[in-house]
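The values are calculated or read from the model by the stated rules, or taken from the named source; none is laboratory data. The structure presented is a predicted model; accordingly, all values stated were derived computationally and were not measured. Here the Cβ positions follow ideal geometry from the backbone for every residue, glycine too, while neighbour counts run over all protein chains shown.
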Amino acid sequence: MRALWHRRAVRHVILGLLPLLVVGPVLVIALAVEFAETAAPLREATARATATVLRSGLGPDRREVEVRWTDDAGAAVTSTVRAAGTADVPVGAQVPLRYRPGDPSRVFTNGDETSARLSELAFGIGLVGLLVAVAVAVSAAHLVRRRAAERRPTTTLPVTYTRSRLGLVRRSWLLVREEGRAGRWIPVHWEPVLETLEPGSRAAVHGRPSRDRLVVVDIGGTPVWQAGRRRLTAPRGEVGREPVGAPDRDVSLLRHFRADAALLAGAPVLGLLWAYLSDGGTTTWLLATVVAAAALFWVPTVLGSDPR
């Protein structure tokens, strides 16, 4: 296990997952606490009644509905219910109400602000929990499958290192050629030894790029792991490489993560989109932005990125 931790790709994936492992549970706990506080009055509303709509579309935002009903003491009560959205309920319509026994001052119904907020919180808890679970599962499968690929038989094939850039995304690639077959473009986890690779140099390849979905290339005794799906054509964007030189071992993981962090520029946009779709405010945008940032920090670690 200690030897595995010394692999740069392993540390990159696991450390890149940490922000999501911290942010996700904290956010789930915060949402769960708010859910419990919001649901508390609703849990106490055990009495039920049927109300008749008197007017709807009231208030500055047209979200209030006036209803008349009879409480458990037989008294006629007129209440105002605030809907989750613009209310357009026909006059005379019958709606079910819930209220606290002996306290008709506050009533609840399907589609009101409280029920809508509870649905939003439950969806947020489920979404964040699912995101964290998927990220952990994908990362674990990513590491296990590549470790298993190292045990495949080797073939010596010519390989060429190159890098691509498309917007903020930078990736490392190995072009592997098999005799009599088209070359395969394989995205890989960046390793310092890649900088020393002469174009067309022969290296031991675990697996066959034309047959196996996953291969590992051994360069100078360093296993270079495949990061994503192989391609028959060159990757999109600007493709090239710098002259071969000594391995740049000054490229620390911290510097690598700083290069990956360029993707975080998209987090506020994703947060804004989520806030718009959920009709949330500033708090929703901030929380969604934090989760999106943690996810975008993790994505390059499994898709592969080039820190140069």
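Restricting to region 94-108, name every residue that is at pLDDT 90 or above and more than 12 Å from PRO41 (Cα to Cα). If the condition is that a residue be at pLDDT 90 or above and more than 12 Å from PRO41 (Cα to Cα), then GLN94, VAL95, PRO96, LEU97 are the ones that fit. How about region 204-222: which of its residues are buried (at least 19 other Cβ atoms within 10 Å of the Cβ) and assigned to a strand (DSSP E or B)? Within region 204-222, VAL205, HIS206, VAL216, VAL217, ILE219 qualify. Only helices (runs of 4 or more DSSP H) whose full extent lies in region 252-306 are considered here, and the ones with at least 2 residues that are among the aliphatic types (A, V, I, L, M) and under 15 Å from the mean Cα position of the chain (by Cα) are 267-277, 282-303.
Take residues that are in contact (Cβ under 8 Å) with a residue 24 or more places away in the chain and among the small types (Gly, Ala, Ser) and tell me which of the strands (runs of 3 or more DSSP E) falling wholly in region 1-96 contain 3 or more. Once the strands (runs of 3 or more DSSP E) in region 1-96 are filtered for at least 3 residues that are in contact (Cβ under 8 Å) with a residue 24 or more places away in the chain and among the small types (Gly, Ala, Ser), what remains is 47-58. Look at (1) out of contact with any Pro (no Cβ under 8 Å at 6 or more places or on another chain); (2) loosely packed, with under 15 Cβ neighbours inside 10 Å and you find that PRO158 fails only one, number (2).
Against the definition (free of Cβ contacts under 8 Å to residues at least 12 places away in the same chain and basic (Lys, Arg)), how does ARG231 come out, yes or no?
no
Within region 281-308, which residues are more than 23 Å from SER139 (Cα to Cα), of a type in the set (Val, Ile, Thr) and out of contact with any Ser or Thr (no Cβ under 8 Å at 6 or more places or on another chain)? Within region 281-308, THR282, THR283 meet the criteria. Being under 24 Å from GLY24 (Cβ atoms) and surrounded by 15 or more Cβ atoms within 10 Å (Cβ to Cβ), is that true of even one residue in region 140-147? Scanning region 140-147, I find at least one residue that is under 24 Å from GLY24 (Cβ atoms) and surrounded by 15 or more Cβ atoms within 10 Å (Cβ to Cβ), so the answer is yes.
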